[in-house]
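A short write-up of the structure that comes next.
The values are calculated or read from the model by the stated rules, or taken from the named source; none is laboratory data. Since the structure is predicted, the reported quantities are computational estimates derived from the model, not experimental observations. FYI the Cβ positions are ideal-geometry reconstructions off the backbone, even for glycines, and counts take in every protein chain you see.
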Amino acid sequence: MKNHSILILPLILILNSFCLSQDQNTNQEYQNILKEIENVQPLSVAAVPDSGLIIQQDAAIFKLISGELFRCSQIAGSERLLLFKGKGRFSFSPTSQIEKDHLHRFYEKHSLDEEFYYLIIMFSDPVKLRLLGDLKFSEQSNLSYIKRDFQNFIDYTNDSDAGYFDTDFMRSFLNYHTNSLFYAHIGLTNGDPVFFKISPYDREEVSFLKKKDTKFIVSSDYQEVISSYSLPKPVDKDKSFKEDVIKINNYNIISKIEDNLDFSAKCEINYERKYTNSNWIKFSLYYELIVDSVLLNDQRTFDYYRGEENSELWIKLNSLSADDKITIYYSGDLLEKDELSWISLKSPDYWFPRYSYRDNVLYDLTFTYPEKYMLASIGKKESEEKFDDFITCRWKSVEPAHSASFNIGFFEKFELEDENKTKVNVFISKSGHQKLASTLAEYGTLSGADMDEKIATDVLASIQFFKGLIGPIPLNELQVTEIPYFHGQAFPGLIHLSFANYQGIMQDKEDEIFRAHEVAHQWWGIGVNFDSYHDQWLSEGFATYSSLWFVQAAFQDNEVFFKVLDKWKDEIFSNRKFLFSTGQQAGPIWLGSRTNTSDTEGDYDLIIYKKGAWVLHMLRNMLIDLKTMNEDPFQKMIKEYYKTFYGKKATTTDFKNITDKYCGQDMSWFFKQFVYGTDVPSYTFSYKSEKSAEGKVIVTCKIIQENVSDDFKMYVPIRINLSNDRFARMRIEVKGKETTVKLPQLPEEPEEIIFNDLNSVLCEVEYD
C-alpha cells in the first residue's frame, strides 16, 4: 500500500494540473491561414481569349471556352487560388479498367465530358499560375457576383466551426512546400459540384470525388472518392512527401478515469525524425477530447493547433531535434454510460493521439480507475495495485502493434485455461443482461444461459484451432470484453464483442462465427497486417472464412457450413438490391473500403468480408485432392503465407504469389476474375449418356456459362453418383459460353451427376 501511494499520488496531481483548460492553440499560423482562406477575395479579372484556354492535369482536362478568370488574394504568402466564371467543359477518363468501371457505377459511363459554369483551382506551387500565359488582368471594384461560387468552395473544403481545412493543403502551406498539389472545384451546369485532386502526399496521387449523398447514414464527410489511382511517374521525386515525417517507437500513456467517467491522460510519444523538410505534423485524436498542453522533452516548447470539434491535432516540431519525446496532456468525454449501465468507449481507435494508423509500435499503458469497475486492455497485464477506492493497472504490448484499446465496465470476469496454459478472460455485464433478457422474454425471445462460460469455451477452442491451422501467436492470454454495439473489434490480446453476442440469441452458429471472426484477427490483421485499403480483404475476408472453417471443424457441422456459404452467395448474387443499395452494381474486392458508396451502403461487408471469404473457399477446393479429400496443400499454403508475412504488411500480390506456388500455375486469371473483377458465373448443366460397343456408358456433359466475359474460366468439380453408394469426383475446366466434356467410360448409367460439388465455386447452377 505504501509503495503504491508513491506511484498513484503524483500521477493524479500531474493529470489534474494539466487538465484544467480548453484547447489552447499556442500557434497562430494555422488560424491565420484559415482566416485567409475564409476571407479570400478576387482582386483582378481577365477575359478568356476567343481561342479558349485548356488546363490539363493527368486524366482531367478543363476547357475554358468563354468567360472570365479571377486572380485572388494571397494565402500563406502567395497567390494560390484561381476562379473561372463562364462556360467550360470538364473531361475525365480514369487510367485503369477497374476505375472506369467504378465511374460507371455512379454515372453509367466510363468517362465524363460535362459542362461547368464555374471552376475554382488551388495550387500548392504559385508558379503554376503561369498557365495563364499573357492574359492581362485588371482590377475591378465590384466582384460580389462571384461570392456565392467562392462560398461553395469554402463549404466543401473548410469547416470553420471545427477549425478545419483540407489536410494536404494545410500540410503544404504550414511547411512551405511547393509541389504538384492541385485541387479543382468544378461547378457542373447540370448537377452537384465534383472535385479533382492531385496530391503528392497520398499514396494514390490522383482522385476524383463527388458530393456525398448519404441517404441513410449521417456523415460529416462532404465528398466521396469515385476514382483513385497512382501516377505512372510521380511529378514530385521527393519521397518525404509520401512517407511519415517521424517514426514512432513507442507510446507511454498514463490515464485516469474518475468515478463519473471523466477521462484524462498523459501521452508520451518517443520518436525518430526521418525528414526535416516538414516541421508541422498531424496526429488524430477523438474530437471530444481536449488538448491541454503539448510539451517537448517535458518542457513547454511545442506549438500546436487544434480546432474545437476537430479530430486533427497539428504539432510543430523543433526543427533542430532528431530524436525527441512529445508529451501530450488531454482530457474529455471519452466514456459514457447507458440505461443498462453498459459503458461505451466512444472511440476505441482514437482515444490517444495517433500519428500513423497501421504502423507497428510498442505500447505501455497505465490506467487508474474506480475499483467498482473492471478494466481490460491490450497486451499483457504487468501489474495491478489498489489505493483507497482506485485501482492502478499497467499493460504492455508483447510485440509492436498497429493499434491499442481498452474496455471498462461493471464487469464480472470468467476465466478459462487449457492444458497449454492458454488463458481466456471473459468480461460480462451480467446485471445488464438480466434486464435485457427480461425485456426480450416479453417478446418471446429466449436468451442463452451461462454465456460467459460458453463464450470462454468457444474462444479457447478457436484459439487452439487457429494455432494448429495457421501458426503460433505470441500471446497466451486473451481478454474478451463486451461493448454496447452490434459490431466487434480486435486488438492485440483484446477483442470487443457485441452485447448481442453475449445474449446468446443468434441462430445457425452465428454467435460462434462472430466470436471466432474476432479471434481470427489475432492472426489476420494483427499477426499479418495488410498494406493498403486494396488489401483489406486479406484481413476481413480471411478472418471471415477462418471463423466459418472453425465452426465446420469444431462442431463437425457441414450443414451449417454450407448453409452459411449459400446465404453469402445469395447475398452476393442479389447485391444490386443488398441492404440500402439502390440498384448499383457492387464493385470488386480490390476497391476495399471504397465498395461502400452513398449508393451501396453495406457493400463493404458483402464484398470484402463475404466474397473475400468465398475466394479462400474456392482456392481451398481447387487444392483438395478429390480422390482422398486431403487438404494438406491448402493448409500448407495458409501456414506459409502467415509465416512469411508475420509482423509485416502483405499485399494481394504477395498472397497471389503464394497461391501460384501451391496451385502449380500462374493464378493471375483467378485473381483477375474474383478479386479485381466483378463477374460471377451462372451455369446451366446437362448431360446425356449412351452405351459403347463394349457395354460401357459414355456420358457427355454440356455446360452453358453466362453473365461473365468470354474468356472467363473455372475448374468446377462434379460428383458422379452410381448405385450402391458408389461415386466418383473429377474437375471440369469450364471456359467460354459453352463447354462440352466427355467423361471417362462408366460401368453403368449414373444415378445423378452433381455439378459444382461441395459448393466449390461461387456461382449459380441450373440443371437442364
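If only residues of segment 525-543 that are within 18 Å of residue 492 (Cα to Cα) and among the polar types (S, T, N, Q) are counted, the one that is surrounded by the fewest Cβ atoms within 10 Å (Cβ to Cβ) is 529. Please work out if residue 110 is of a type outside the set (Val, Ile, Thr), assigned by TED's automatic domain parsing to the domain that holds residue 193 and closer than 15 Å to residue 194 by Cβ. It is false that residue 110 is of a type outside the set (Val, Ile, Thr), assigned by TED's automatic domain parsing to the domain that holds residue 193 and closer than 15 Å to residue 194 by Cβ. When segment 151-203 is filtered for residues that are part of a loop (DSSP other than H, G, I, E, B), closer than 21 Å to residue 55 by Cβ and free of Cβ contacts under 8 Å to residues at least 40 places away in the same chain, the ones remaining, listed by number, are 166, 199.
Is it the case that residue 477 is more than 19 Å from the chain's Cα centre (by Cα), of a type in the set (D, E, K, R) and modelled with pLDDT of 95 or more?
Working: more than 19 Å from the chain's Cα centre (by Cα): yes; of a type in the set (D, E, K, R): yes; modelled with pLDDT of 95 or more: yes.
So residue 477 fits the description; yes.
Selection of segment 354-396 for residues being touching a helix residue (DSSP H, G or I) at 6+ places or on another chain (Cβ under 8 Å) and modelled with pLDDT of 95 or more yields 366, 368, 385, 386, 390, 392. Return only the number of the condition from (1) touching a Lys or Arg at 6+ places or on another chain (Cβ under 8 Å); (2) part of a helix (DSSP H, G or I) that residue 534 does not satisfy. Of everything listed in (1) touching a Lys or Arg at 6+ places or on another chain (Cβ under 8 Å); (2) part of a helix (DSSP H, G or I), residue 534 misses just condition (1). The set of residues in segment 330-353 that are touching a Phe, Trp or Tyr at 6+ places or on another chain (Cβ under 6 Å) and at pLDDT below 95 contains only 341.
The set of residues in segment 491-509 that are without any contact (Cβ under 8 Å) to a residue 40 or more places away in the chain and either small (Gly, Ala, Ser) or not in a strand (DSSP E or B) (or both) comprises 498, 500, 506, 507.
From the list 718, 698, 703, which one is in contact with a Ser or Thr (Cβ under 8 Å, 6 or more places away or on another chain), hydrophobic (A, V, I, L, M, F, W, C) and either closer than 22 Å to residue 674 by Cβ or free of Cβ contacts under 8 Å to residues at least 24 places away in the same chain (or both)? Just one listed residue meets the conditions, 703. Tallying residues that are of a type in the set (A, V, I, L, M, F, W, C) and outside any strand (DSSP E or B) within segment 277-291 yields 1.
Within segment 384-413, count every residue that is among the hydrophobic types (A, V, I, L, M, F, W, C), in contact with a Phe, Trp or Tyr (Cβ under 8 Å, 6 or more places away or on another chain) and part of a strand (DSSP E or B).
Initial filter on segment 384-413 (among the hydrophobic types (A, V, I, L, M, F, W, C)): 387, 390-391, 393, 395, 398, 401, 404, 406, 408, 410-411.
Now drop any that are not in contact with a Phe, Trp or Tyr (Cβ under 8 Å, 6 or more places away or on another chain), which leaves 390-391, 393, 395, 401, 404, 406, 408, 410-411.
Right, trim to part of a strand (DSSP E or B) and you get 390-391, 393, 395, 401, 406, 408.
Residues flagged as among the hydrophobic types (A, V, I, L, M, F, W, C), in contact with a Phe, Trp or Tyr (Cβ under 8 Å, 6 or more places away or on another chain) and part of a strand (DSSP E or B) within segment 384-413 amount to 7.
Looking across segment 346-383, the residues that are surrounded by 21 or more Cβ atoms within 10 Å (Cβ to Cβ) and in a strand (DSSP E or B) come down to 354, 361, 363, 365, 366, 367, 368, 369, 375, 376, 377.
Counting only strands (runs of 3 or more DSSP E) wholly contained in segment 694-768, the ones carrying 3 or more residues that are of a type in the set (A, V, I, L, M) occupy 697-706, 713-721, 727-735.
Of all the listed residues (378, 326), the sole one being in the same structural domain as residue 251 (by TED's automatic domain parsing), within 29 Å of the chain's Cα centre (by Cα), farther than 17 Å from residue 494 by Cα and among the aliphatic types (A, V, I, L, M) is 326. In this structure, residue 631 qualifies as within 30 Å of residue 750 (Cα to Cα), without any contact (Cβ under 8 Å) to a residue 12 or more places away in the chain and either in contact with an Asp or Glu (Cβ under 6 Å, 6 or more places away or on another chain) or not assigned by TED's automatic domain parsing to the domain that holds residue 733 (or both). Can you name the residue in segment 646-668 that is in a helix (DSSP H, G or I) and among the β-branched types (Val, Ile, Thr) and, of all such residues, is surrounded by the fewest Cβ atoms within 10 Å (Cβ to Cβ)? Taking the candidates together, the pick is 653. Scanning segment 604-645 for residues that are in contact with a strand residue (DSSP E or B) (Cβ under 9 Å, 6 or more places away or on another chain) and either within 26 Å of residue 487 (Cβ to Cβ) or part of a helix (DSSP H, G or I) (or both) returns 618, 621, 622, 641, 642, 644, 645.
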